[in-house]
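Chemist: The structure under discussion is supplied below as structure tokens; questions concerning it will follow.
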Amino acid sequence: GENVEQHPSTLSVQEGDSAVIKCTYSDSASNYFPWYKQELGKRPQLIIDIRSNVGEKKDQRIAVTLNKTAKHFSLHITETQPEDSAVYFCAANTGRRALTFGSGTRLQVQP
Amino acid sequence: KAGVTQTPRYLIKTRGQQVTLSCSPISGHRSVSWYQQTPGQGLQFLFEYFSETQRNKGNFPGRFSGRQFSNSRSEMNVSTLELGDSALYLCASSSEVDTQYFGPGTRLTVL
């Protein structure tokens with residue numbers, strides 16, 4: 001089955017800096033890669049996603065890149081703000097509504 | 001549209017008991033997936049239902065089961081509870097595409 005590895009497990013940045021979280025996946029059949037943000041005690045919230053026919057997608061301060069050949073995808077957050085502090089999860093989906101999640105990255109934005 | 005709802009939000013059970021959790025998807029969504037979230041194992045896929053049929057199942061024992069009704073509402077059942085079943089159980093709904101939206105979860109504590 002699919003295996004998703006996520007790094008780093010914790011990330012601390014200064015407000016205004018950029019943050020990058022990286023994930024690798026194992027199943028070449030995976031074709032959909034969402035990113036979720038989970039604040040303490042709350043539900044995972046979809047922040048951005050990318051499909052395998054696209055190399056990059058951007059939404060305001062958030063961008064995701066996908067390298068199908070290397071089987072890795074990354075989340076980029078620019079101009080970080082304290083409210084960006086949360087746990088971020090990457091995931092991969094082979095198209096059967098079964099998401100395989102990475103282990104999560106705890107992002108701390110220092111004011 | 002109203003979001004995904006789950007009931008109850010919190011449950012306390014003892015070992016050996018069984019429990020039923022409920023999930024109401026976003027109106028118009030026919031797919032419901034269930035996930036277990038624990039500090040040690042992270043987010044793990046349990047199963048997915050579409051139009052009352054289980055289409056996909058994760059690597060969980062047979063004590064974990066589910067069903068979906070004609071109005072797309074879904075229930076999951078865990079029989080013969082074990083201490084290790086303590087977790088946040090999340091359901092997610094999706095429409096025809098892969099995007100999954102999570103509910104707030106049910107926090108199950110097994111004593």
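Chemist: So, of the residues in the stretch B:39-74 that are within 14 Å of the chain's Cα centre (by Cα) and among the small types (Gly, Ala, Ser), which turns out to be nearest to the other protein chains (Cβ to nearest Cβ)?
Modeler: B:Gly58
Chemist: Restricting to the stretch B:48-62, what's the tally of residues that are assigned to a strand (DSSP E or B) and surrounded by fewer than 20 Cβ atoms within 10 Å (Cβ to Cβ)?
Modeler: So the first thing to find is which residues in the stretch B:48-62 are assigned to a strand (DSSP E or B), and the list is B:48-50, B:53-57.
Still in the running and surrounded by fewer than 20 Cβ atoms within 10 Å (Cβ to Cβ): B:50, B:53-57.
Selection size over the stretch B:48-62: 6.
Chemist: Applying the selection to the stretch B:57-96, what residues are of a type in the set (A, V, I, L, M, F, W, C) and closer than 21 Å to A:Tyr32 by Cβ? Spell out the reasoning first.
Modeler: Going through the stretch B:57-96, the residues of a type in the set (A, V, I, L, M, F, W, C) turn out to be B:60, B:64, B:69, B:76, B:78, B:81, B:83, B:87-88, B:90-92.
Scanning the stretch B:57-96 gives B:Leu90, B:Cys91, B:Ala92.
Chemist: Let me ask something else. In the stretch B:25-47, what residues are of a type in the set (Ser, Thr, Tyr) and surrounded by fewer than 18 Cβ atoms within 10 Å (Cβ to Cβ)? Give the steps one after another, and end with the answer.
Modeler: Step one: list which residues in the stretch B:25-47 are of a type in the set (Ser, Thr, Tyr), which gives B:27, B:31, B:33, B:35, B:38.
Residues satisfying the conditions are B:Ser27, B:Thr38.
Chemist: Next up: Going through the stretch B:59-89 one residue at a time, which ones are out of contact with any Lys or Arg (no Cβ under 7 Å at 6 or more places or on another chain), aliphatic (A, V, I, L, M) and closer than 18 Å to B:Gln41 by Cα?
Modeler: B:Ala87
Chemist: Further question on the same structure: Can you find, within the stretch B:21-38, the residue that is nearest to the other protein chains (Cβ to nearest Cβ) among those that are of a type in the set (S, T, N, Q) and touching a Ser or Thr at 6+ places or on another chain (Cβ under 6 Å)? Full working, then the answer.
Modeler: Just the residues of the stretch B:21-38 that are of a type in the set (S, T, N, Q), to begin with: B:22, B:24, B:27, B:31, B:33, B:36-38.
Pick out the ones that are also touching a Ser or Thr at 6+ places or on another chain (Cβ under 6 Å) and you get B:22, B:24, B:31.
Working: B:Ser22: 16, B:Ser24: 14, B:Ser31: 5 Å.
That would be B:Ser31.
Chemist: Can I ask one more? Looking only at the stretch B:96-110, count how many residues are part of a strand (DSSP E or B) and at the interface with chain A (Cβ under 9 Å from one of its Cβ atoms).
Modeler: First pass over the stretch B:96-110, keeping only residues part of a strand (DSSP E or B): B:101-102, B:106-110.
Among the residues that remain, those that are also at the interface with chain A (Cβ under 9 Å from one of its Cβ atoms) are: B:101-102.
Total meeting the criteria: 2.
Chemist: If you go through the stretch A:71-89 one residue at a time, do you hit one that is at pLDDT below 95 and not charged (D, E, K, R)? Walk me through it before giving the result.
Modeler: Step one: of the stretch A:71-89, the residues at pLDDT below 95 are none.
The answer is no; no qualifying residue exists.
Chemist: List the strands (runs of 3 or more DSSP E) that sit entirely inside the stretch A:3-104 and contain at least 2 residues that are touching a residue at least 40 places away in the same chain (Cβ under 8 Å).
Modeler: Numbers: elements: A:4-7, A:10-14, A:19-25, A:32-38, A:45-51, A:56-59, A:62-67, A:72-77, A:86-93, A:99-101.
Those strands (runs of 3 or more DSSP E) span A:4-7, A:10-14, A:19-25, A:32-38, A:72-77, A:86-93, A:99-101.
Chemist: Identify all residues within the stretch B:21-47 that are in a loop (DSSP other than H, G, I, E, B) and on the phi > 0 side of the Ramachandran plot; write none if there are none.
Modeler: The answer is B:Gly28, and nothing else.
Chemist: Looking at B:Arg107, is it charged (D, E, K, R), at pLDDT 95 or above, out of contact with any His (no Cβ under 6 Å at 6 or more places or on another chain) and closer than 16 Å to B:Arg30 by Cβ?
Modeler: Working: charged (D, E, K, R): yes; at pLDDT 95 or above: yes; out of contact with any His (no Cβ under 6 Å at 6 or more places or on another chain): yes; closer than 16 Å to B:Arg30 by Cβ: no.
Against the criterion (charged (D, E, K, R), at pLDDT 95 or above, out of contact with any His (no Cβ under 6 Å at 6 or more places or on another chain) and closer than 16 Å to B:Arg30 by Cβ), B:Arg107 does not qualify.
Chemist: If I filter the stretch B:1-20 down to residues being hydroxyl-bearing (Ser, Thr, Tyr) and part of a strand (DSSP E or B), which single residue comes out as surrounded by the fewest Cβ atoms within 10 Å (Cβ to Cβ)?
Modeler: Narrowing the stretch B:1-20 to residues hydroxyl-bearing (Ser, Thr, Tyr): B:5, B:7, B:10, B:14, B:20.
Still in the running and part of a strand (DSSP E or B): B:5, B:7, B:10, B:20.
Details: B:Thr5: 16, B:Thr7: 12, B:Tyr10: 9, B:Thr20: 14.
Among those residues, the one meeting the criterion is B:Tyr10.
Chemist: Considering B:Leu90, B:Leu83, which residue is away from every other protein chain (no Cβ under 12 Å) and aliphatic (A, V, I, L, M)?
Modeler: Unique residue meeting the criteria: B:Leu83.
Chemist: Go through the stretch A:57-111 and report how many residues are within 14 Å of another protein chain (Cβ to nearest Cβ), over 15 Å from A:Thr10 (Cα atoms) and either exposed (fewer than 14 other Cβ atoms within 10 Å of the Cβ) or out of contact with any Asp or Glu (no Cβ under 8 Å at 6 or more places or on another chain) (or both).
Modeler: Qualifying residue count, the stretch A:57-111: 5.
Chemist: In addition: Given the structure, is B:Gly58 touching a residue at least 12 places away in the same chain (Cβ under 8 Å) and within 18 Å of B:Ser93 (Cβ to Cβ)? Before you say what the answer is, go through the steps one by one.
Modeler: Values: touching a residue at least 12 places away in the same chain (Cβ under 8 Å): yes; within 18 Å of B:Ser93 (Cβ to Cβ): yes.
It is true that B:Gly58 is touching a residue at least 12 places away in the same chain (Cβ under 8 Å) and within 18 Å of B:Ser93 (Cβ to Cβ).
The values are calculated or read from the model by the stated rules, or taken from the named source; none is laboratory data. Just so we're clear, the structure is a prediction, and the values are computed from it rather than from any experiment. Neighbour counts run over all protein chains shown; Cβ positions are idealised from the backbone, glycine included.
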